[in-house]
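One structure is given here, and the rest of the page talks about it.
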Amino acid sequence: MARPGTYFDTLPPDAISDELAPIIDELGLADNCRQLAMEGWTVVENAAGEQFNNRLREQILQDAKKGGALMLLAGDPVYAEAVLNPKLMALAEFSVGRGHLISQVAASVRKKGDPMLGLHADHNWLPAPFPEHNMLITACWACDQYTKEHGATQIIPGSANLRRHPDAREVEEMAGATTIECEPGSVAIWDGNIWHSSGERSTEGERVVCHITYTRLMMRQVEDYRVHEDRLIEEHGAPMAGLLGRNDGLFDANGFDYSKIVQTFNNAKR
Ligand SMILES: O=C(O)CCC(=O)C(=O)O
């Protein structure tokens, strides 16, 4: 027998739920939802005011100096405020569903001459074709003005509709790349499909960004074996270590083990 209150339909990827609609209206985000659904990216301007933006920028610079640009939600409360920003939360719910989870809170400070990140889709965790429903949304809080000269994020318009990873030639050529331009305190937001990269900064100074990732509820394991992990691996060896996530870079004590980044994303494609 059906449980009372159970939904039997699924909302289409571009639909706003009845519960979310008044919030989207109140926050003036209807155009952002449309752009996110149609083009895979959008910008929320002045997400929390100048004072908050300055506080976030200062904290990122302090944390970056200490070498800690990952696991930031566990640090200064300014990051929790950024993550819980009502506009970001509403767009995350629109894009990756109610019950969405925080996946990563990181920061970057990019200077003149720093190498570009390289073209990629944030659905690096998924084999192609990517699903119709977005699985992961990235919100890059631009503490400084985003321009081409400042090394702002480059995107490939139209790539979100391809629902696949770029190939080696596309990564090399970055054909059709355009710059996301916005004022300090804006948040550039994109889905898991759109191909993008950080740009190369050609001017002095620093581009300070907080990178916030939210994921769909189903990306979470059902059972939490963390307290039993060491015993299980000792008893059952390498295959158990793989099942418990020790062969990828996730859940590292420092946030992400970047020495495993290639094998993590390669695993997701095989
Ligand atoms: O730093 C940037 O401009 C892009 C960052 C990025 O690729 C990401 O957060 O997925």
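The values are calculated or read from the model by the stated rules, or taken from the named source; none is laboratory data. It should be emphasised that the depicted structure is a prediction, and the values quoted were computed from it without experimental measurement. Note: ideal-geometry Cβ built from the backbone for every residue, glycine included; neighbour counts use all protein chains shown.
Within the range 142-158, restricting attention to residues that are more than 9 Å from the ligand (Cβ to nearest atom) and surrounded by 20 or more Cβ atoms within 10 Å (Cβ to Cβ), the residue that is farthest from residue 108 (Cα to Cα) is 156.
To keep it simple, each residue is scored yes or no on (1) within 19 Å of the chain's Cα centre (by Cα); (2) modelled with pLDDT of 95 or more.
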| position | (1), (2) |
| --- | --- |
| 183 | no, yes |
| 227 | no, yes |
| 242 | no, no |
| 246 | no, no |
| 251 | yes, no |
| 260 | yes, no |
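For the range 167-185, a residue qualifies if it is crowded, with 20+ Cβ neighbours inside 10 Å and within 13 Å of the ligand (Cβ to nearest atom), and the qualifying residues are 180, 182. Of the helices (runs of 4 or more DSSP H) that lie entirely inside the range 14-96, those containing 3 or more residues that are surrounded by fewer than 20 Cβ atoms within 10 Å (Cβ to Cβ) span 21-27, 30-39, 50-65, 77-83.
Looking only at the range 192-209, residues that are touching a helix residue (DSSP H, G or I) at 6+ places or on another chain (Cβ under 6 Å) and either under 18 Å from residue 111 (Cβ atoms) or acidic (Asp, Glu) (or both) come to 1 in all. Quick one: how many residues across the range 154-178 are of a type in the set (Val, Ile, Thr) and either in contact with a helix residue (DSSP H, G or I) (Cβ under 6 Å, 6 or more places away or on another chain) or farther than 22 Å from residue 126 by Cα (or both)? Count: 1.
Residue count for the range 107-124, restricted to those that are surrounded by 20 or more Cβ atoms within 10 Å (Cβ to Cβ) and of a type outside the set (Lys, Arg): 5.
Scanning the range 96-107 for residues that are within 12 Å of the ligand (Cβ to nearest atom) and either in contact with a helix residue (DSSP H, G or I) (Cβ under 8 Å, 6 or more places away or on another chain) or not assigned by TED's automatic domain parsing to the domain that holds residue 56 (or both) turns up 103, 105, 106, 107.
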